[in-house]
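Have a look at the structure below, then the notes.
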Amino acid sequence: MPHTTSRRGLLFGTAAVSAGALLTACTSNDTKDDRAAANEQPAAADKPGKHVTIGFAGPQADHGWLNAINDNAKSRAEKYSDVSLEVTEGSNDTAQQIGQIETLINKKVDVLVVLPADGKALTQVGLKAMRAGIPVINLDRIFNSAQAYRCYIGGDNYGMGLNAGRYIGEKLKGKPNVRVVELAGLDNLELTKQRTQGFDDALKNYPNIRKVARQAAEFTVESGQAKMAQLLQAQSEFDALWNHDDDQGVGALRAIEQAGRDDFLMVGGAGALSAFQAIKKDDGVLKATVLYPPSMAASAIDLARALGQGKGVGGLAEFEIPASITCYSAVVDKTNIDQYMSTGFR
């Protein structure tokens, strides 16, 4: 993998991103309002350094989580007087996103942060940037070559499923013959497969539990409502539901309410504000959600700044930033909802 930036003799004490700042960006909870987590987070606790121009390219923000990704990246960059952010319009069209990234390469930005609409399809443009001497922070959807990025930062899809399964398992471990159903996301995405695998692996630890049905929705309110209605019609009785995504969960909850069902517990996924509010209200089936924090985009800006300034990460002895970082998928329920409420995205 090309070595695109040097340490330039900077040591641990002058790191660009403190361990606390980096970890806070992945699991932040210290905010004062209902905006996305990073919006009120303090910038990394070090003095301004070399100016860094960061190019940011993501997919179209047609989903609450993706919109929160954009907001986190922009608001984090605004914290730094030594950072300029060049943001593309965002597109789900692979060719268009490649063109946008090539424009940033031609502008000779110092560092690129890319959340590809399709990691495999955009691998070549990641390689092109790296070969041009522009280090790439690959955000969430991973390129299929490690040579296409300097650092990967993303969520833990397998861990999401694992923690959802563990939560349900622990809540229902004393009940015999437990039946669970799953409302997945898009089945053509690797992340959906990973979430399902983690969930299935967790349930193996609970011999009293079996999964009796699964439907794949499309991460939209409409698909969540339609697919949940099908599940409810096919399964007259079950004890728990895991829904992969809080946006489609809005539709799922509509279908559940229309069916007059309240005989099971529901666990969501991602960390939308609407889910947090329902959990806090605690008058329905939704009892918990498993985080997939969009604040990883804020961390990506921190890492890009560090790369551009040739710095490392405070709290680590290494001179360089890590090659990969995976944010933790925490479970949020009524016991810790107040801690996480301000991190919910719209």
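The values are calculated or read from the model by the stated rules, or taken from the named source; none is laboratory data. The shown structure was predicted, so the numbers you read here are calculated from the model rather than taken from an experiment. Reconstructed Cβ throughout: ideal geometry from the backbone, glycine too, with neighbour counts over all protein chains shown. Ligands, DNA and RNA are stripped out before the accessible areas are found, and what is left, the full protein with its side chains, is counted by its heavy atoms. Shrake-Rupley method; radii C 1.70, N 1.55, O 1.52, S 1.80 Å.
Near the amide H of V113, within less than 5 Å, lie the amide hydrogens of G55, F56, A57, I137, all on another chain or at least 5 residues away, with H placed in the peptide plane.
Nonpolar atom fraction for region 147-214, defined as the carbon and sulfur part of the 1.4 Å probe accessible area, stands at 46 percent.
Available extension along the chain between E318 and T53 is 93.0 nm, counting 0.36 nm per residue and deducting the alpha carbon span. When both bridge partners sit in the chain, DSSP labels roughly 5% of those beta bridges antiparallel.
If you roll a 1.4 Å probe over the heavy atoms of the protein chains, what accessible area per residue do you get for the chain, in Å²?
Here the residues of the chain average 42 Å² of exposed surface.
For the chain, the relative contact order works out to 26 percent when only alpha carbon pairs closer than 8 Å and six or more residues apart are counted.
Here's how it looks for F219: its modeled amide H is under 5 Å from those of L186, which are all 5 or more places away or on a different chain. Remark: region 333-345, residue by residue, has Karplus-estimated 3J(HN,Hα) of 9, 5, 6, 10, 4, 5, 5, 9, 3, 6, 8, x, 9 Hz, where x stands for each Gly or Pro and the curve is 6.51 cos²θ - 1.76 cosθ + 1.60 at θ = phi - 60°. Taking packing as the residue-averaged number of other Cβ atoms within 10 angstrom, the listed peptides 179-186, 280-287 run from highest to lowest as 179-186, 280-287.
The chain: D in µm²/s via Stokes-Einstein (Kirkwood Rh, Cα pairs, 20 °C, 1.002 mPa s)? Working shown, then result.
On the way: Rh = 20.7 Å.
My calculation gives 104 µm²/s for D.
Extension gain, L186-E89: 0.36 nm per intervening residue step, less the Cα-Cα distance, totals 32.5 nm.
Given a cut-off of 20 Å, name the pairs among K227/K280; K175/K287; K108/K128; K74/K193; K79/K280 whose C-alpha atoms lie farther apart than that in the structure shown. Violating the 20 Å Cα-Cα cut-off are K227/K280; K74/K193; K79/K280.
The slack between V212 and D283, meaning 0.36 nm per residue of separation minus the straight C-alpha distance, is 23.0 nm.
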